[in-house]
Amino acid sequence: MKTKHVFLISFSLPVLYSFSWHVARYLNWNLSTDFNIPSFFFLILAMPWTLLAIEAGEFAKSIFGIGARNVVTIFMAGLGFALNVTFVKICVYWLINKYRGLNT
């Protein structure tokens, strides 16, 4: 799979999940908070970019309100998750190619 596709898929997964969670909360659907556990794991897997996303989200909240904070945090955490996944993919492919080169 191309690196661009890995980046786009890994960016869209947390963004779509988080937006659907916030839309469901906005529509007052009675969802258990257990459904938001994957968002926590997306934030953990997006480290260290999550720290920057939280800071930028708080800055956006002070200017535009809580809705802007959610949007900024979701997009930046999704971007961080996508960067981390893409970096891991590049490293794994590099190691595989290096290992293949040693065995020939």
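Out of 32, 18, which single residue is touching a residue at least 40 places away in the same chain (Cβ under 8 Å) and farther than 19 Å from residue 89 by Cα?
Values: 32 fails: touching a residue at least 40 places away in the same chain (Cβ under 8 Å).
Of the residues listed, the single one that is touching a residue at least 40 places away in the same chain (Cβ under 8 Å) and farther than 19 Å from residue 89 by Cα is 18.
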For this session: Give the number of residues within segment 24-43 that are surrounded by 11 or more Cβ atoms within 10 Å (Cβ to Cβ) and in a helix (DSSP H, G or I).
Result: 9
Exercise. Quick check: anything in segment 58-69 touching a helix residue (DSSP H, G or I) at 6+ places or on another chain (Cβ under 8 Å) and outside any helix (DSSP H, G or I)?
Worked result: no
Exercise. When you go through 80, 65 one by one, which is the residue that is small (Gly, Ala, Ser) and modelled with pLDDT of 90 or more?
Worked result: 80
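Given the options 82, 60, 46, name the one that is under 19 Å from the mean Cα position of the chain (by Cα), farther than 19 Å from residue 10 by Cα, crowded, with 16+ Cβ neighbours inside 10 Å and not basic (Lys, Arg). Steps first, answer last, please.
Numbers: 82 fails: farther than 19 Å from residue 10 by Cα; 46 fails: farther than 19 Å from residue 10 by Cα.
None of the other options fit; the residue is 60.
The values are calculated or read from the model by the stated rules, or taken from the named source; none is laboratory data. Because the structure is a prediction, the values reported are computed rather than measured. Glycine also receives a Cβ, built like all others from the backbone with ideal geometry; neighbour counts cover every protein chain displayed.
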